[in-house]
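Since the structure comes first, as structure tokens, the remarks are kept for the end.
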Amino acid sequence: MNLSKDSISNFILKNATYLIFAAVLLYFGLQSAHFLSVESLGNIVKQGAFVGIAAIGMTFVLLIAGIDLSVGSVIYLAPLVAGLVMQNTGIPPVLGLFVALAMGLLLGALNALLIVKLRIIPFIVTLATLFFFRGFGVWLTDSVPFDFEPSFLAFGSASVLAIPLPIWALAFVTAVAHFILAYTGFGRQIYAVGNNPEGARKAGLSVEWIQARCYIICSGCAAVAGYIWIAQIGRLDAGFGQGKEFDVIAAAVLGGVSLFGGSGAAIGAVIGALLIQTVTTGLSFTGVNLYAQPIVQGIIIFFAVFVDGVRGKRVAALLKRTIRPLNSTS
């Protein structure tokens, strides 16, 4: 069976993240014998869980051709509010998770209101709320680090069936998101809006309500991600989550979610997040200078956007081949 250059290149573009993931695992595995151990791989999944959860939320927004730059600040503010509530009411960390989730949904609703109702460009709105949400948290704490109770750290380090809590959280959010996007009417509506919002509107879909829910889901996932992450640290300062919006977006795009909307899946976003964490861990294993690691992460983000652009052009070219103009003489 002969494979054409187009079919090979299409296969590579479609599965670029998985191929790179395998290559990275192989490379660092050859560099360090302990890198591919069960303990090491488990730590990679555990440490990458919070970016994966946030990237799943970002997937919903990117699928409608939107963007949310405020996720890093939501990662900071939502668990901070939950920590203050736990401190003042004495509720257990399990209930604190729902407080953080509720706060995240509220912040997402604010983004959705400004974007959908006031029709302000998503980039401008979420850039503004990025600073507003973090500034509000700094005001709440007077820029003093917030220390959680020991019971909170015990919650973060808990395991079920010998599997750490962050991995369970990642698996649960992935399963729910995959079900929504792949098997529900709402999921199909998201892809329809992302591919052709005007066409979706003419088909009778409430485009604004679909967009609003995607932004709410995105911030909700970011809140859960921040809560799971800080539960492993126990101390939250003003810089917590700062700049993580870029890792989250990069993870989603690396996983095959298009910046132009209408293409991608939750599982791909998780793979993208694990790829970023694998590279970070691998660089530490091989003794690469810490100051060089942001350079590598920048290259990853650039590559993600580059692949997405090439993939988008290839899809457009295929559409031109398959959609023929009407013959005016016929």
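The values are calculated or read from the model by the stated rules, or taken from the named source; none is laboratory data. Treat the numbers as computed from the prediction; the structure is a model and nothing was measured. Please note that ligands, DNA and RNA were not included when accessible areas were found on the heavy atoms of the full protein model with its side chains. Shrake-Rupley method; radii C 1.70, N 1.55, O 1.52, S 1.80 Å.
List of remarks:
- Portion, in percent, of the accessible area of the chain that falls on carbon or sulfur, probe 1.4 Å: 69
- In order along the stretch 86-103, the phi-based Karplus estimate (6.51 cos²θ - 1.76 cosθ + 1.60, θ = phi - 60°) of 3J(HN,Hα) comes to 5, 5, 8, 10, x, 5, x, x, 4, 6, x, 4, 6, 5, 4, 4, 4, 5 Hz; Gly and Pro are listed as x.
- Principal semi-axes in Å for the stretch 15-95 [√(5λ), Cα gyration tensor, largest first]: 33, 22, 9
- Distance from the stretch 153-228 to the stretch 243-289 (C-alpha centre basis), Å: 17
- Taking all protein chains as they are arranged and a probe of 1.4 Å, the heavy atoms of Glu149 leave approximately 110 Å² accessible to solvent.
- Just checking the listed ones, Val94, Val61, Val125: in the Gaussian network model of the chain with Cα springs under 10 Å, the one fluctuating most is Val94.
- Note on the chain: with a GNM built from Cα contacts shorter than 10 Å, the maximum mean-square fluctuation among Gly72, Gly264, Gly220 falls on Gly264.
- 1.4 Å probe accessible area per residue over the chain, in Å²: 51
- With helices as the sole contributors, the chain gives -24500 deg cm²/dmol at 222 nm; each DSSP H run of n ≥ 4 counts as -39500 (n - 2.57), and the sum is divided by every residue.
- The value obtained for the stretch 206-302, namely the Cα convex hull volume divided by the number of residues, is 124 Å³ per residue.
- Rg/Rh for the stretch 152-252, where both radii come from Cα atoms and Rh is the Kirkwood radius: 1.08
- For the stretch 193-263: Kirkwood Rh in Å [reciprocal of mean 1/r, alpha carbons]: 14.5
- The alpha carbons of the stretch 34-146 give a radius of gyration and a Dmax of 16.4, 53 Å, in that order.
- Working from the Cα coordinates of the chain, the gyration tensor eigenvalues give, after taking √(5λ), semi-axes of 34, 27, 17 Å in decreasing order.
- Highest-fluctuation residue, Pro79, Pro145, Pro166 considered, GNM on the chain with Cα pairs under 10 Å: Pro145
- All C-alpha pair distances within the stretch 80-231, sorted into 5 Å bins from zero, spread as 2, 8, 14, 17, 17, 15, 11, 8, 5, 2, 0 percent across the bins.
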